[in-house]
Structure formats: C-alpha cells, structure tokens
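Trainee: Just passing along the structure, written as structure tokens.
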Amino acid sequence: MSDAPIGVFDSGVGGLTVLKALAGELPGEQFIYLGDTARLPYGTKSPETVSRYAVQAAEALASYDIKALVVACNTASAASLPAIREKLKGMPVIGVIEPGADAACRVSKTGNIAVIATEATVRGGAYQEAIQRLRPDARVSARATQLFVALAEEGMHEGPIAESVARHYLTSLFALPGAPSGAGAAPSALVPGGAVPAVPDTLVLGCTHFPMLAGAIRAAIGTRVRIVDSAATTAKAVRDRLGSLLRASPARRSSVRFLATDSPERFARVGSRFLGQTIAPSDVELIDL
Ligand code: DGL
C-alpha cells in the first residue's frame, strides 16, 4: 500500500477522459495529471519526437514521487512505452493500447475490427499488432482521423460539422452508403466456415479525444457497431496492475493536481469539457519540461 500519487500523462487535455475513468475506478487515490499542451499535437509528429517528448514528460512526473505512471495518450503509448519503462525502471507504467485492444477483441463477435486514431498511432501499427497478437484470426483495418482532435478541442464534437467529418472518415471503413443520412450498414454476421466478414462489427476509439465525438461517430456508423473506448478498460488494468500499491482507504475521495506546459487558462477551459467538471485556471500549475 502506498499513499503516493499516480501520475497520468497526455499530450494535452484528451487524457482527462482516462483520468475520469481512473478516478471512478480508484476513488481513494491521488492523481497528478500532466498535459503537455505546449507541444500538442503528438499525433502528427515522428515516432522519435513523440518518444523524446513522452520520456521528458514521464521523467517530470516521476520527480513528483509517483508510485505508477499511466500513459493516457494513445500516440505516446504506441511510440514510447519501452523507452519510458527503460527510464523509470521499477515503476509500473501502463499505456492505453493493450487495454483498448483487449476490450475490442473481447466484444467483437466476428473478429473484424476497425481502429481510428491519430496519424502517428495508425502509422506505427501498435493497435493492429496488439489486436492481432490477442486474436490472430482478427481482420484489422485502421484509419487516421486527425481532424477529430481539432473538432474535440474546439468543442465542435456534436452537430452537422462533426457528423459530416465522421461520415467522411468512416464511409469507406464501414462500407457505408454515400447518402448523408448516416444510417450505416449493418455489420455482417459471421460467415459460415469461419471466414471474417468484410464489414467491421467493432470500432476502437484509439485516441483520447475521440470519446468526445462518440455521438457523431455513432450517427455515422449506425447502432449495430460496437464502439470501444479504452478509458474504462485502462482504469481496470491500472487497478489490477497496482494491486497492493493502492491506498487502503477507498472511502476517501480522489484528488487531482493538474500540471500543464502551456496556458493554464486554456487547459482549464477545454479540459473542463473533457473531464466533465469545472477546472479552475488557478488549479493548473504551469511547468516547463
Ligand atoms: N492524446 C493524443 C492521442 O491519444 C491525441 C492528441 C495528439 O495528437 O496529441 O493519441
């Protein structure tokens, strides 16, 4: 058992969707959340740059005597978990890719799984590999949907623009009719003989920002595709991994200390939407990495 806080890191405010799930799953814990807002987005950058930034952020959080680190950023998890683990030797470091892949493999009936993520995450192939490792018969397709990040940041996660962008990205992935109604094709049932059908029955939201757009995505793909968001499964993975390191007094409310590398005001304003509760600018500390 340890009273030390759990460090949570993301390129910006998107990881607050993971923090929310963590606080729900581990109510007695203290968290320190770092958003590297000065260098967002990571999703358009090279693996080397993402890895360098992520290791710096992880080291900064480690200096706050955390007992574990949650890399609540898909792009950073995909590019830099081994490098972070190497730097923070001995500390539990949990990313979001494996829990997301695991959840997708469990809910998909047909084994045809689609992943949407940032350019860097899709290019690196981490989700595709993790899913294939857990379920070798799976058919995985992945698409970079970078504009979703900007839409979520701008608070334009609902309405006609978000739905039109969702259709733009998802039409070919789900073999949707071109019509703008967005009713969506039904995922195929299992093909006799074990072949994986052509249309995915499961969609992984492989980016911290995408849960904000779940409504627009749902409107585009219809109601029959399962949508997997790794936040909840990551929180469960953290609970299982930390085990005896968790605080013994779960009745206490969790508390969060917020750190950002740029504008506390913007972090508080945009982050409040992602967290689903108000963050005051005065509660956000500005740090340099
Ligand atoms: N947090 C990033 C992720 O989950 C999205 C934002 C970015 O591109 O930095 O991949």
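The values are calculated or read from the model by the stated rules, or taken from the named source; none is laboratory data. All values derive from a computational prediction rather than experimental measurement. Heads up, the Cβs are rebuilt from the backbone with ideal geometry, glycines too, and the neighbour counts pull from every protein chain shown.
Trainee: Taking the condition more than 20 Å from the chain's Cα centre (by Cα) and in contact (Cβ under 8 Å) with a residue 24 or more places away in the chain, does ALA248 pass?
Mentor: yes
Trainee: Output the number of the condition that ALA101 fails; it satisfies all remaining conditions of (1) within 23 Å of ARG269 (Cα to Cα); (2) in contact with an Asp or Glu (Cβ under 9 Å, 6 or more places away or on another chain).
Mentor: Unmet for ALA101, out of (1) within 23 Å of ARG269 (Cα to Cα); (2) in contact with an Asp or Glu (Cβ under 9 Å, 6 or more places away or on another chain): (1).
Trainee: Can you tell me which condition THR49 does not meet? The list is (1) surrounded by fewer than 24 Cβ atoms within 10 Å (Cβ to Cβ); (2) touching a residue at least 12 places away in the same chain (Cβ under 8 Å); (3) within 16 Å of the ligand (Cβ to nearest atom), and all the others hold.
Mentor: Of the numbered conditions (1) surrounded by fewer than 24 Cβ atoms within 10 Å (Cβ to Cβ); (2) touching a residue at least 12 places away in the same chain (Cβ under 8 Å); (3) within 16 Å of the ligand (Cβ to nearest atom), the odd one out for THR49 is (2).
Trainee: Applying the selection to the range 61-109, what residues are more than 19 Å from PRO211 (Cα to Cα), surrounded by 21 or more Cβ atoms within 10 Å (Cβ to Cβ) and in contact (Cβ under 8 Å) with a residue 40 or more places away in the chain?
Mentor: Residues satisfying the conditions are LEU61, ILE66, ALA68, LEU69, ALA79, ILE94.
Trainee: Would you confirm whether or not the range 60-70 contains a residue that is touching a Pro at 6+ places or on another chain (Cβ under 9 Å), among the aromatic types (Phe, Trp, Tyr) and assigned to a strand (DSSP E or B)?
Mentor: There is no residue in the range 60-70 that is touching a Pro at 6+ places or on another chain (Cβ under 9 Å), among the aromatic types (Phe, Trp, Tyr) and assigned to a strand (DSSP E or B).
Trainee: Moving on. Of (1) out of contact with any Leu (no Cβ under 8 Å at 6 or more places or on another chain); (2) within 14 Å of the ligand (Cβ to nearest atom), TYR64 satisfies all except one. Which?
Mentor: TYR64 satisfies every listed condition except (2).
Listed here are the residues, each with its yes/no results for (1) outside any helix (DSSP H, G or I); (2) surrounded by 18 or more Cβ atoms within 10 Å (Cβ to Cβ); (3) among the aliphatic types (A, V, I, L, M).
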residue: ILE113; (1), (2), (3): yes, yes, yes
residue: ILE116; (1), (2), (3): yes, yes, yes
residue: THR121; (1), (2), (3): no, yes, no
residue: TYR127; (1), (2), (3): no, yes, no
residue: GLN132; (1), (2), (3): no, no, no
residue: PRO136; (1), (2), (3): yes, no, no
residue: VAL140; (1), (2), (3): yes, yes, yes
residue: VAL149; (1), (2), (3): no, yes, yes
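Trainee: Assess whether VAL107 counts as being at pLDDT 95 or above and either within 14 Å of the ligand (Cβ to nearest atom) or touching a helix residue (DSSP H, G or I) at 6+ places or on another chain (Cβ under 6 Å) (or both).
Mentor: No.
Trainee: Then there's this: Failed condition for ARG39, given (1) assigned to a strand (DSSP E or B); (2) within 15 Å of the ligand (Cβ to nearest atom); (3) more than 15 Å from the chain's Cα centre (by Cα), with all others met?
Mentor: In the conditions (1) assigned to a strand (DSSP E or B); (2) within 15 Å of the ligand (Cβ to nearest atom); (3) more than 15 Å from the chain's Cα centre (by Cα), ARG39 misses (1) alone.
Trainee: Quick one: in the range 141-178, of everything that is among the hydrophobic types (A, V, I, L, M, F, W, C) and away from the ligand (no atom under 16 Å from the Cβ), which residue is nearest to PHE267 (Cα to Cα)?
Mentor: ALA162
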